[in-house]
1. Among 16, 62, 81, which one shows the highest mean-square fluctuation when the chain is modelled as a Gaussian network with alpha-carbon springs under 10 Å?
2. Using R₀ = 25 Å, calculate the FRET efficiency as 1/(1 + (r/R₀)^6) where r is the Cβ-Cβ separation of residue 15 and residue 63; round to 0.05.
3. At what distance in nm do the modelled label points of residue 76 and residue 32 sit from each other, each positioned 7 Å from its Cα along Cα→Cβ?
4. Regarding the chain, what is the average projected area of its C-alpha convex hull, in nm²?
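Quick note: the coordinates plus some simple rules give every number you see, no bench work behind them. Note that the coordinates shown come from a computational prediction; the quantities given were computed from them, not determined experimentally. No Cβ is skipped: glycine too gets one built from the backbone with ideal geometry, and neighbour counts run over all protein chains shown.
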Amino acid sequence: MRRRLAQRTREMIEMSNLESTITIPSSVLFYDVEGEAVLLNQDDGKYYGFDAVGTRMWAILSEQKQLRAAHGILLQEYDVSAEQLEHDLVAFVDEMAKHGLVLVNEP
């Protein structure tokens with residue numbers, strides 16, 4: 001039973017899309033260290049670091065909350081196809097959700 005619940009929870013977390021919105025839990029703290037993000041999840045005591053692109057994604061997502069809005073902004077800033085950016089942004093959000101750094105809300 002516990003194994004099925006964990007698998008179902010993982011499947012639910014990893015289902016974001018451009019229509020999704022995110023919520024940042026109050027237990028997640030953000031620090032800017034020389035232009036790169038360092039996040040602390042106070043629930044598990046783990047730190048997570050992002051490179052410059054991940055930091056920019058985090059900054060936009062934390063302001064916009066909706067993946068589609070973030071996608072539009074990032075598409076103007078980076079030389080990347082819309083499809084590749086969608087894949088990368090969704091993967092980024094899903095990975096953060098897996099570590100409890102964001103909650104994904106479906107429309």
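1. Of 16, 62, 81, the most mobile in the Gaussian network model is 81.
2. 0.65
3. 1.9
4. 7.2
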